[in-house]
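Single-structure report; data block below.
Read the figures in this text as sums done on the coordinates, not as results from a lab. Since we're looking at a predicted model, the values are computed, not measured. Cβ atoms come from the backbone with ideal geometry, glycine included; neighbour counts cover every protein chain shown.
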């Protein structure tokens, strides 16, 4: 329980610190990963956020080994409240009434999915800790392809001239698919690390012989570049809840299949899982894809303080477009 709460604090703090750092940097692009890494690694605040996220990953490993999955998911979902509070207080981000309603709906959908999972102590043994390599590849390969394709579509929309400001829903869904694969890899990796203290050599060989560390490396490298670009362009208070929703639903639904966990036999739990999944997907499909246009200021936006960060990033993106 303490590790799960700590993971929430670390993840929320890490995302907010990275967002603050990215707001002060020039426009970054997935087409220039070396430049992106050079810029972020030269920013102390961003490094602090990255270290917080890495520590949150370590806490998450402990959670998956020591806490029932239903309890863990419930605490992780509650962490979104802390993220929204921090983004509003430290970043000045504001969500519209429609977005708050949508976020509340997806939180309710996630609670339904969590309640459909076994939560009694005697049920924890039914939770799978490993999956066949073929099954993992069949689940993860199409998901990674879909997430990459959706992210590329979002990138093309951003670079269109005269476009409306994007909310980041498409980015959040794409990253959620990517991190859903990462979540399955963390779940499998935590199962292999169970005997690390008793038989470290055998446990290490088991880890290296599984697809989990390689999936983590792939999703970690691509997720680092893709998430930083998305965070710089859009609001963290919308991207992270959408990303978390997709990741949690993906883990609960496809993770059940991949790790050989049976669907709930109880009709109430089965209804909760199906309803929660359908509700979460439906809300994501109808969420606003564009922000309303910003009101025109009476003062000159190019005065002594210069244009706002979002305008500066947009102009720099346009300036880097091929003619």
Which residues in segment 229-255 place their backbone N less than 16 Å from a point set 7 Å from the Cα of residue 30 along the Cα-to-Cβ direction?
229-234, 239-240, 243
Efficiency of FRET from Cβ geometry, residue 217 and residue 45, R₀ 30 Å, rounded to 0.05:
0.70
Most exposed first by the Cβ proxy, i.e. fewest other Cβ within 10 Å, how do 81, 240 rank?
81, 240
Extension gain, residue 5 back to residue 133 (0.36 nm per residue minus Cα-Cα distance, nm)
42.9 nm
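What is the gain in length, in nm to one decimal, between residue 89 and residue 38 on full extension, counting 0.36 nm per residue of separation less the C-alpha to C-alpha distance?
Details: separation 51, 0.36 × 51 = 18.36 nm, distance 2.87 nm.
Using 0.36 nm per residue and subtracting the Cα-Cα distance, I get 15.5 nm.
Ranking 219, 135, 247, 256 by Cβ neighbours within 10 Å, fewest first, what do you get?
Details: 219 25, 135 14, 247 22, 256 18.
Ordered by Cβ neighbours within 10 Å, fewest first: 135, 256, 247, 219.
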